[in-house]
1. Going through region 216-257 one residue at a time, which ones are under 15 Å from the mean Cα position of the chain (by Cα) and under 20 Å from Met284 (Cβ atoms)?
2. In this structure, is Leu53 of a type in the set (A, V, I, L, M, F, W, C), touching a helix residue (DSSP H, G or I) at 6+ places or on another chain (Cβ under 8 Å) and closer than 30 Å to Ala274 by Cα?
3. Of all residues in region 343-372 being in contact (Cβ under 8 Å) with a residue 60 or more places away in the chain and under 24 Å from Val230 (Cβ atoms), which is most open to solvent (accessible area, probe 1.4 Å)?
4. Of Arg182, Arg138, Arg192, which residue is under 16 Å from Thr92 (Cβ atoms), open to solvent by 10 Å² or more (accessible area, probe 1.4 Å) and at pLDDT 90 or above?
5. Right, Asp260: of a type outside the set (A, V, I, L, M, F, W, C), open to solvent by 70 Å² or more (accessible area, probe 1.4 Å), out of contact with any strand residue (DSSP E or B) (no Cβ under 7 Å at 6 or more places or on another chain) and more than 23 Å from Gly188 (Cβ to Cβ) or not?
6. Could you list all residues from region 303-329 that are among the charged types (D, E, K, R) and in contact with a strand residue (DSSP E or B) (Cβ under 7 Å, 6 or more places away or on another chain)?
7. Among the residues that make up region 270-283, is at least one of them under 26 Å from Glu200 (Cβ atoms), assigned to a strand (DSSP E or B) and either touching a strand residue (DSSP E or B) at 6+ places or on another chain (Cβ under 7 Å) or touching a residue at least 60 places away in the same chain (Cβ under 8 Å) (or both)?
8. Considering (1) open to solvent by 10 Å² or more (accessible area, probe 1.4 Å); (2) within 21 Å of Leu3 (Cβ to Cβ); (3) acidic (Asp, Glu), say which one Glu200 fails and leave the rest.
Amino acid sequence: MVLRTYFWSIPFSKQGKVRFSVALTNEMMFLPLPIDFDLEISLVENGRCLEGLVLKDLKVTMHENCGGVEAEVEGALPREVEGATDLRLLVTTSSWPSESSGSRVGEDRSRSRSPRNRFARDLEVRCSADFESKSFLRHLSPVERLGSDMATLTCKMADWNAALSCLSMPLTGNREDEHSFRCFELGGQILRIREEISSEDMPTGGRLWDAGIALAHWLAAKDNDRSRLVGKTILELGSGCGLPGIVAAHVLGGHIFFSDKKAVLPLTALNVAAHCQDLQTSIMELDWGLEEHRLNALQRLDGSSFDVVLMSDLCYTTSALPKLKDTVLQLTRPNAMLVLAHKVRSEERNHENPMKALQPWFDVCLQKTFGPCDAEVLLFIMERTR
């Protein structure tokens, strides 16, 4: 499980004052988790940290919200940033289970607490004043460094400290805007992947899921044999935020086709445009259940087919599997590769390939498992044989 630093209320600046609240969540991001955490807050303008400038008069209040822990933060902006048009906050967390799920080793929890603040403690808050490119890279956790050793990543995913940071929209933006960004390092550059959490039109497509993060790591890892994927025509099904496809565009080359339902494509397009300039990419609408969409996809290839299909966390409901099967078979030919990342959820009883219906046409040539035992991600590399 990869924890998320989540803005429970979006940072907003008014008359030089900043207010927001933050919590830790899982990939569902429905409720705050009952986990204690420390905060590090950085001021960022135009993608760079404002060295030496931090929030002043910082006040943090920890309290219980929906059974979890929420931190309400207030602070004053330094005078030097008055009038800045692209001023943002980068908030990162260091965390461990709270009283309800175990104590931090060596922590004194004998202090008395009021009933309302029973999760509260002496919160450590640091305002980072050194966040330029090199220190930014050092700041990211292994989960945010794409291409990390998979064994290390597995350990870190099981570690309570493996939380994604959260980068806000500009503080002078629309207060009702609930967009935010996740930051990842890929080959020395920073990817800022935009999420849309509250959109009714994309209840699942607007967020990053654990399987997508795992697939992005596998694609970026230098010790993986990716030779058969390099320079190919690649289709990412259900792109959503587009992280795996963006990584593929950088490390594999070739032509990457991002696809999803119409409501999700504006978000996909924003992330692709921000990170894939001068790379060969295309974006297309593709609803697996519509024959017309599948035919349109093939027309984009002038009657050819896709060499590689990327899929992450698309098999969370059995009703989607027949449509996925038909889509993959129609859009590929023999020798095509299917790369599937699937997170095992509590209701599943085994670690079988969720796309086993494809096995008459595909051979599984690689299978990996990583992540904590209670939330493993399965990775299947399959080759079409007929």
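1. Here is the first cut: in region 216-257, the residues under 15 Å from the mean Cα position of the chain (by Cα) are 216-220, 238-247.
Of everything in region 216-257, those that are under 15 Å from the mean Cα position of the chain (by Cα) and under 20 Å from Met284 (Cβ atoms) turn out to be Gly238, Ser239, Gly240, Cys241, Gly242, Leu243, Pro244, Gly245, Ile246, Val247.
2. Considered against the rule, which asks whether it is of a type in the set (A, V, I, L, M, F, W, C), touching a helix residue (DSSP H, G or I) at 6+ places or on another chain (Cβ under 8 Å) and closer than 30 Å to Ala274 by Cα, Leu53 comes out as yes.
3. As a first pass, look at region 343-372 and keep what is in contact (Cβ under 8 Å) with a residue 60 or more places away in the chain: 343, 368, 370-372.
Still in the running and under 24 Å from Val230 (Cβ atoms): 368, 370.
Numbers: Lys368: 69, Phe370: 8 Å².
Residue satisfying both the conditions and the ranking: Lys368.
4. Answer to the selection: Arg192.
5. Considered against the rule, which asks whether it is of a type outside the set (A, V, I, L, M, F, W, C), open to solvent by 70 Å² or more (accessible area, probe 1.4 Å), out of contact with any strand residue (DSSP E or B) (no Cβ under 7 Å at 6 or more places or on another chain) and more than 23 Å from Gly188 (Cβ to Cβ), Asp260 comes out as no.
6. Listed by number, the residues that qualify are Asp307, Asp313.
7. Yes, the conditions are met somewhere in region 270-283.
8. Only one criterion is unmet by Glu200, namely (2).
The values are calculated or read from the model by the stated rules, or taken from the named source; none is laboratory data. A quick note: this is a predicted structure, and the numbers were derived from the prediction, not measured. Heads up, the Cβs are rebuilt from the backbone with ideal geometry, glycines too, and the neighbour counts pull from every protein chain shown. Surface areas here come from the heavy atoms of the whole protein model, side chains and all, with no ligands, DNA or RNA. Shrake-Rupley method; radii C 1.70, N 1.55, O 1.52, S 1.80 Å.
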